[in-house]
Amino acid sequence: MSTTAAITAASPAATETGTEPLLVLEGVSKRFGGVHALTDVELAVAPGMVRGLIGPNGAGKTTLFDIISGITSASGGSVRFDGVDVTRRSATARARLGMRRTFQRAQVFSWLSVEDSVLAALEWHGGGGGVVGDLCGWPARRRHEQARRERVAEVLEWCGLTKLGTVTSGSLPLGQQRLVELARAIVDRPTLLLLDEPTSGLDAAESTRFGELVTSLRGEGCAVLLVEHDAGFVMRICDRITVLNLGSVLAEGTPQQIQADDRVRDAYLG
């Protein structure tokens, strides 16, 4: 059985929707000189699934994220996203296919308001009519801009940021900056969201709220793949979990299966 078929068969989300995995990695490897950071990694994410990626420090989690998102090229193997081989495509091309990512360190447009920071994620679509449309204020241009601002308002409300819309993003505490990042990542309705250490620096209440938002993305038709050091957070919100160790897949399964796996405990506890 192929990797795609095997993980589809094991995936609750794929079984329920009857669809192929949205993201498929086959034999992904990465070498830095003589160092093998990743070796033959196989992984799939089904539509609507929340999948966790965990492992000890140095396991290769962020390197794998960089390869999936197109920041780093793989030394071997393939990456397929939404039926398209994106192994050699840029991060921008992948984003335009519906893939979005956040990073370990909060990255916001610190000089922009919260509303404009989120609106910026929609600018690549253009406004219709180009410079002439801007100068003439064509009706189609105005309708397009209104629709974008309505979408931003909807996402800000969903993230609990409506009252902060005019506040400068850089002046917010870390927990709220994480929400701004999330809002910016989902405003363009991605099909796959990559979250790299999303709860880093958050307190327990903020972490719980963030987890609720992530799981509710299923209703938006968005799959989630996340790297996270907080094992409790991962166990609460993920449908399935992949464990990396020394650049290879050590285990894969439901949260209950991962918790009961002696190999996983040995990798974490030494």
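The values are calculated or read from the model by the stated rules, or taken from the named source; none is laboratory data. Quantities reported herein were computed from a predicted structural model and do not represent experimental measurements. With ideal geometry, Cβ positions are generated from the backbone for all residues, glycine too; neighbour counts draw on all protein chains shown. The area values use the complete protein model at the heavy-atom level, side chains included, leaving out ligands, DNA and RNA. Shrake-Rupley method; radii C 1.70, N 1.55, O 1.52, S 1.80 Å.
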- Do any residues in the range 20-31 that are over 10 Å from Asp82 (Cβ atoms) have Cβ atoms under 9 Å from those of residues that are open to solvent by 20 Å² or more (accessible area, probe 1.4 Å) and aromatic (Phe, Trp, Tyr), where the two are at least six apart or on different chains, and which pairs are they? none
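Within the range 190-198, can one find any residue that is under 12 Å from Ile54 (Cβ atoms), modelled with pLDDT of 90 or more and under 14 Å from the mean Cα position of the chain (by Cα)? Walk me through it before giving the result.
Our first condition is that a residue be under 12 Å from Ile54 (Cβ atoms); within the range 190-198, this holds for 197.
This time we only want the ones that are modelled with pLDDT of 90 or more, so: 197.
With under 14 Å from the mean Cα position of the chain (by Cα) added as a condition, the list becomes 197.
Yes, there is a match, as at least one residue in the range 190-198 is under 12 Å from Ile54 (Cβ atoms), modelled with pLDDT of 90 or more and under 14 Å from the mean Cα position of the chain (by Cα).
Against the condition open to solvent by 20 Å² or more (accessible area, probe 1.4 Å), touching a residue at least 60 places away in the same chain (Cβ under 8 Å) and closer than 23 Å to Ala153 by Cα, how does Leu182 come out, does it pass? Before the answer, list the steps.
On the way: open to solvent by 20 Å² or more (accessible area, probe 1.4 Å): no; touching a residue at least 60 places away in the same chain (Cβ under 8 Å): yes; closer than 23 Å to Ala153 by Cα: yes.
So Leu182 fails the test.
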- Of the listed residues (Leu97, Leu53, Leu43), the one being open to solvent by 10 Å² or more (accessible area, probe 1.4 Å) and touching a strand residue (DSSP E or B) at 6+ places or on another chain (Cβ under 8 Å) is Leu97
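What tally of residues in the range 25-51 results from selecting those that are assigned to a strand (DSSP E or B) and more than 18 Å from Val234 (Cα to Cα)? Walk me through it before giving the result.
So in the range 25-51, the residues assigned to a strand (DSSP E or B) come out as 25-32, 35-45, 50-51.
From what is left, the residues that are more than 18 Å from Val234 (Cα to Cα) are 25-32, 35-42.
So the answer is 16.
Pick out, from the range 197-267, the strands (runs of 3 or more DSSP E) lying fully within it that include 1 or more residues that are charged (D, E, K, R). Before the answer, list the steps.
Details: elements: 223-227, 240-245, 248-253.
Counting at least 1 such residues, we get 240-245, 248-253.
Out of the residues in the range 69-94 meeting the condition of being among the hydrophobic types (A, V, I, L, M, F, W, C) and free of Cβ contacts under 8 Å to residues at least 60 places away in the same chain, tell me which one is surrounded by the fewest Cβ atoms within 10 Å (Cβ to Cβ).
So the first thing to find is which residues in the range 69-94 are among the hydrophobic types (A, V, I, L, M, F, W, C), and the list is 71, 74, 79, 81, 84, 86, 91, 93.
Still in the list and also free of Cβ contacts under 8 Å to residues at least 60 places away in the same chain: 71, 74, 79, 84, 86, 91, 93.
Details: Ile71: 15, Ala74: 22, Val79: 23, Val84: 12, Val86: 20, Ala91: 16, Ala93: 14.
Taking the candidates together, the pick is Val84.
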- Item | Options Ala260, Ala205; residue that is without any contact (Cβ under 8 Å) to a residue 12 or more places away in the chain, of a type in the set (A, V, I, L, M, F, W, C) and farther than 26 Å from Gly175 by Cα | Ala260
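Restricting to the range 164-196, give me the number of residues that are in a strand (DSSP E or B) and closer than 30 Å to Ala231 by Cβ.
Of all residues in the range 164-196, those in a strand (DSSP E or B) come to 168, 192-196.
From what is left, the residues that are closer than 30 Å to Ala231 by Cβ are 192-196.
Total satisfying the criteria: 5.
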- Note on the structure: Sole miss for Leu119 among (1) more than 18 Å from Leu193 (Cα to Cα); (2) modelled with pLDDT of 90 or more; (3) not charged (D, E, K, R) is condition (1)
- Query: Among the residues of the range 224-231, is any on the phi > 0 side of the Ramachandran plot, touching a residue at least 40 places away in the same chain (Cβ under 8 Å) and open to solvent by less than 70 Å² (accessible area, probe 1.4 Å)?
  - Reply: no
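Conditions tested, residue by residue: (1) hydroxyl-bearing (Ser, Thr, Tyr); (2) crowded, with 16+ Cβ neighbours inside 10 Å.
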{"position": "Thr162", "(1), (2)": "yes, no"}
{"position": "Leu174", "(1), (2)": "no, no"}
{"position": "Glu197", "(1), (2)": "no, yes"}
{"position": "Ala205", "(1), (2)": "no, no"}
{"position": "Thr208", "(1), (2)": "yes, no"}
